[in-house]
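Read the figures in this text as sums done on the coordinates, not as results from a lab. Just so you know, these numbers come straight off a predicted model, no measurement behind them. With ideal geometry, Cβ positions are generated from the backbone for all residues, glycine too; neighbour counts draw on all protein chains shown.
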Amino acid sequence: MEFGLLAHCVGQQPLDTLPRLVAEHGFKYVQLALAKALSGVDTGLGKLSPGLANAVAEEFDKYGVKIPVLGCYIDMVNPNEEARRYGIDRFKEHIRMARHFGAAFVDTETGHVSEKYPAEAAWELTRRTVEELLEEAEKWGVIVAVEPANSHIIGTARDWRRLYDEVKSSHLAGVIDPCNILRDKEFPHDQDEGIREAFRLMGDHIVLAHCKDLYVDADGKVKEACAGKGTLNYPLFVELLKQHKPHVHMTLESVAPHEMADALRFLKGLFA
């Protein structure tokens, strides 16, 4: 079993450095958020091209690293309409260029609840935005991967399933990260049911798993850690991944360079 990395975990780097660092830490693929990971390259709206995408992909290929997913996190309910529109258009540009990077899908969360929008209005705006992205994705044969995250409009596996049922598109998929959907009141004692529920609702549609960890600090607050350094029920998480999506892409996040070897060793041990 091979594992991937959110590329910017090695820091924002020049193109001739980033792939080498990823490979040196033992990763075979990345989730690439261009603006976060690459320095010295303008990847803003209107700047992407097949030539730039090919250049990036070829540099990663020199080190045996693939780019199966692009990260383009946007705020679908940004109260600043100009900024919201910029994010949508930039995501659509990622969709159009994805194949030139070698990517099959583009990943995003949905944005936090804003005082500007009541809950149902925020939901409707999010759904319409996802439908717009899916319309573009269907033209280009790309998957839009939406990740549920606490306090976001799509904050739970149930929210994700509702979205899926409403938009009715085979180009919508899910990213599962138990740490992003387990509420503080569920962790650690009721985490198993939260993880199982996520797979019941999303399991057939998962295209990517994010790997980090959670622990409860001395003040009783739930904090993030790198995989293997907390008390997330990883054996259950991996068991369900094997059942629902064997060999799914798994990318590490919330991991510093000096922690990567231990985190990889931990994850590989679960597949031994």
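Points worth noting:
- Placing unit charges on each Cβ (+1 for Lys and Arg, -1 for Asp and Glu) gives segment 4-270 a dipole about its Cα centre, and among Ala137, Tyr63, Leu38 the Cα reaching farthest toward its positive end belongs to Tyr63.
- When the chain is treated as a GNM with alpha-carbon contacts under 10 Å, the residue of Ala119, Ala103, Ala37 showing the greatest mean-square fluctuation is Ala119.
- Lys/Arg +1, Asp/Glu -1 at C-beta; the chain dipole; positive extreme among Met97, Asn180, Gly26: Gly26
- A Förster radius of 41 Å combined with the Cβ-Cβ distance from Tyr63 to Ala121 puts the calculated FRET efficiency at roughly 0.30.
- Given Lys116/Lys139; Lys47/Lys139; Lys116/Lys229, the pairs whose alpha carbons are separated by over 29 Å: Lys116/Lys139; Lys116/Lys229
- Trypsin sites (Lys or Arg not before Pro) within segment 1-86: DSSP coil, no more than 13 neighbouring Cβ in 10 Å: Lys47, Lys62
- Relative to the Cα centre, the charge distribution of segment 1-130, modelled as +1 at Lys and Arg Cβ and -1 at Asp and Glu Cβ, gives a dipole magnitude of about 240 debye.
- Relative intensity of segment 192-267 on a log10 scale, I(q)/I(0) at q = 0.21 Å⁻¹, equals -0.99, per a Debye sum over C-alpha point scatterers of equal strength in the absence of solvent.
- Largest mean-square fluctuation among Gly220, Gly174, Gly203, in a Gaussian network model of the chain whose springs join Cα atoms under 10 Å apart, belongs to Gly220.
- Amide H contacts under 5 Å for Leu38, placed H, 5+ residues apart: Gln13
- Relative contact order of segment 4-270, defined on C-alpha pairs under 8 angstrom at six or more residues apart (%): 15
- When each of Val175, Val65, Val167, Val248 is scored by the number of other beta-carbon atoms lying within 10 Å, the sequence from fewest to most is Val248, Val167, Val65, Val175.
- Candidates His205, His247, His171, ranked by Gaussian network fluctuation over the chain, Cα under 10 Å, top entry: His247
- Dipole moment magnitude, nearest 20 debye, the chain about Cα centre, only Lys, Arg, Asp, Glu C-beta charged: 500
- Candidate aspartates and glutamates - alpha carbon under 15 Å from Lys62, same-chain residues fewer than 8 apart omitted: Asp16, Glu24
- Of the GluC sites (Glu not before Pro) found in segment 1-60, those in coil by DSSP whose Cβ has at most 15 other Cβ atoms within 10 Å are Glu2.
- Oblate is the label for segment 105-196. Its Cα gyration tensor axes, ordered a ≥ b ≥ c, give a/c of at least 1.5 and b/c at or above a/b.
- Each of His171, Asn150, Ala225 was scored by the projection of its Cα onto the charge dipole of segment 140-248, and the greatest displacement toward the positive side belongs to His171; charges sit on the C-beta of Lys, Arg, Asp and Glu.
- Report note on the peptides 155-161, 13-19: ranked by the mean count of other C-beta atoms within 10 Å, highest first, their order is 155-161, 13-19.
- Estimated from helical segments only, the mean residue ellipticity of the chain at 222 nm is -13000 deg cm²/dmol, where each DSSP H run of four or more residues counts as -39500 (n - 2.57).
- Rg(Cα) / (2.2 N^0.38 Å) computed for segment 18-57, rounded to two decimals: 1.25
- Computed across the chain, the Kirkwood hydrodynamic radius from all distinct Cα-Cα pairs reaches 19.0 Å.
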